[in-house]
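To keep things clear, I will list the structure first and then write my remarks on it.
The values are calculated or read from the model by the stated rules, or taken from the named source; none is laboratory data. Computed from a predicted model, the values in this text were never measured in an experiment. Cβ placement follows ideal geometry from the backbone for every residue including glycine, while neighbour counts extend to all protein chains displayed.
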Protein chains: 2
Amino acid sequence: MLLLATKNKHKMEEIKRFVPKDLKVVTLDDLGIDQEIEENGETFMENASKKAVFYANLSSLPTIADDSGLVIDALNGFPGIRSARFMPGTSYNEKMQMILRMLEGKTNRNARFVCAASYYDPKEKLLVCVEGTVEGHISKEIRGNFGFGYDPIFVPVGFSKTFGELGEEKHTMSHRYKAFSKLFSILNVIILAK
Amino acid sequence: MLLLATKNKHKMEEIKRFVPKDLKVVTLDDLGIDQEIEENGETFMENASKKAVFYANLSSLPTIADDSGLVIDALNGFPGIRSARFMPGTSYNEKMQMILRMLEGKTNRNARFVCAASYYDPKEKLLVCVEGTVEGHISKEIRGNFGFGYDPIFVPVGFSKTFGELGEEKHTMSHRYKAFSKLFSILNVIILAK
């Protein structure tokens, strides 16, 4: 049994694609866990690992957690690990409008989406964490309804559509895809080797 | 090539036992790296992982680091992650004397040595961290010259001698042995699977 430690339904759906069919998955809601942990790490990997360890120790289950965000070069990496907490209480539409305003007049719109995916087994005291990245740039306007978060202003390298317009295709190239496919390829090997 | 990110010669020798013969190992001294990182994590795993990531990013090499310490139940886990930094500038002899004094009159002398071993590959952005523990108790006096740190006041379960008296035998049962044998068994599998 594996705990997927996210309350974000979109992330949950994206992550479930990687879980081997024969592995039962439970969520925080399934277990009635509503404690939260402060995401005070300095990196995506730190935050993802803190979350995995925290919820694994609470549940006594091997646990998967992630942390992800948008890193914009011209804003010195902002919003980065603060992507979800940027202007708390506002919608992603408002956050995206503000990012577009912050980038007005900037020629360098390079950015990347980063996802850190962590697995922690509290019995084995084993942590595995990997990072996946997709390079791209920030569009001039909000485009598309697919995905969530900052997807409608992120255009991956080699495309002209935003993640918000790309639909299913996003799931074969995204930062989350890269992180979780790497994580599960390692977990499969470790678990097979037992 | 693998970087062993410790300046402690005793730890270095203990860790080198686990490295596959065909893997070239370099040290911080070999690379002329003398930067230090603040060990401000809240757990052994956090500190070991911070160190591995820090030195891997500095050196661009897959890097191994550890953090370890003595956890004493009657002292609420003290010295724990502060084991090396307890009374800075004093010898381990003085630190051990102080621990013995702190435990005077306590009937519960249960303790454990904990070691977290971390591997970080900066190219793959892959972190693996495991923890090894050995249960035991704190002796009534300092005994033996083998090993280092708090070894002369730690008696592992099933023994009457301290780690400081046990000699070579320590290396087949210690917290560091458990952590690093687990870490390398995983790394071997992951690397073989490539």
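Quick test of your reading of the structure: residue B:129 fulfils all but one of (1) closer than 24 Å to residue B:184 by Cβ; (2) free of Cβ contacts under 8 Å to residues at least 60 places away in the same chain. Name the failing condition by number.
With (1) closer than 24 Å to residue B:184 by Cβ; (2) free of Cβ contacts under 8 Å to residues at least 60 places away in the same chain applied to residue B:129, the lone miss is (2).
Looking at (1) within 14 Å of chain A (Cβ to nearest Cβ); (2) at positive phi, which is the only condition residue B:65 fails?
Every condition holds for residue B:65 apart from (2).
Name the one entry in A:66, A:34 that is under 15 Å from residue A:128 (Cα atoms) and of a type in the set (Asp, Glu).
A:66
Mind telling me which of the residues A:123, A:106 ends up being in contact with a helix residue (DSSP H, G or I) (Cβ under 8 Å, 6 or more places away or on another chain) and over 19 Å from residue A:69 (Cα atoms)?
A:106
With the structure loaded, tell me whether residue A:57 is in contact with a Pro (Cβ under 8 Å, 6 or more places away or on another chain) and surrounded by fewer than 16 Cβ atoms within 10 Å (Cβ to Cβ) or whether it fails that test. Before the answer, list the steps.
Details: in contact with a Pro (Cβ under 8 Å, 6 or more places away or on another chain): yes; surrounded by fewer than 16 Cβ atoms within 10 Å (Cβ to Cβ): yes.
Yes; evaluated as a whole, the condition is true for this residue.
Considering only residues that are among the hydrophobic types (A, V, I, L, M, F, W, C), touching a residue at least 60 places away in the same chain (Cβ under 8 Å) and closer than 18 Å to residue B:171 by Cα, which ones fall in region B:5-28?
B:15, B:18, B:19, listed by residue number.
Give me a count of the residues in region B:107-129 that are more than 16 Å from residue B:2 (Cβ to Cβ) and either at pLDDT below 95 or surrounded by 19 or more Cβ atoms within 10 Å (Cβ to Cβ) (or both).
Looking only at region B:107-129, we keep the residues that are more than 16 Å from residue B:2 (Cβ to Cβ), and these are B:107-116, B:125.
Adding the requirement that they be either at pLDDT below 95 or surrounded by 19 or more Cβ atoms within 10 Å (Cβ to Cβ) (or both) leaves B:111-116, B:125.
Residues that pass the stated criteria total 7.
Which residue out of B:143, B:176 is surrounded by fewer than 21 Cβ atoms within 10 Å (Cβ to Cβ) and either of a type in the set (D, E, K, R) or within 22 Å of residue A:46 (Cβ to Cβ) (or both)?
Numbers: B:176 fails: surrounded by fewer than 21 Cβ atoms within 10 Å (Cβ to Cβ).
Only one candidate qualifies: B:143.
Out of all the residues in region B:147-161, is one or more among the acidic types (Asp, Glu) and either more than 26 Å from residue B:47 (Cα to Cα) or surrounded by fewer than 23 Cβ atoms within 10 Å (Cβ to Cβ) (or both)?
No: zero hits.
Among the candidates B:131, B:124, which residue alone is within 14 Å of chain A (Cβ to nearest Cβ), at negative phi and assigned to a loop (DSSP other than H, G, I, E, B)?
Only one candidate passes the filter, namely B:124.
Just checking, how many residues over region B:136-194 are within 14 Å of chain A (Cβ to nearest Cβ), without any contact (Cβ under 8 Å) to a residue 24 or more places away in the chain, small (Gly, Ala, Ser) and part of a helix (DSSP H, G or I)?
1
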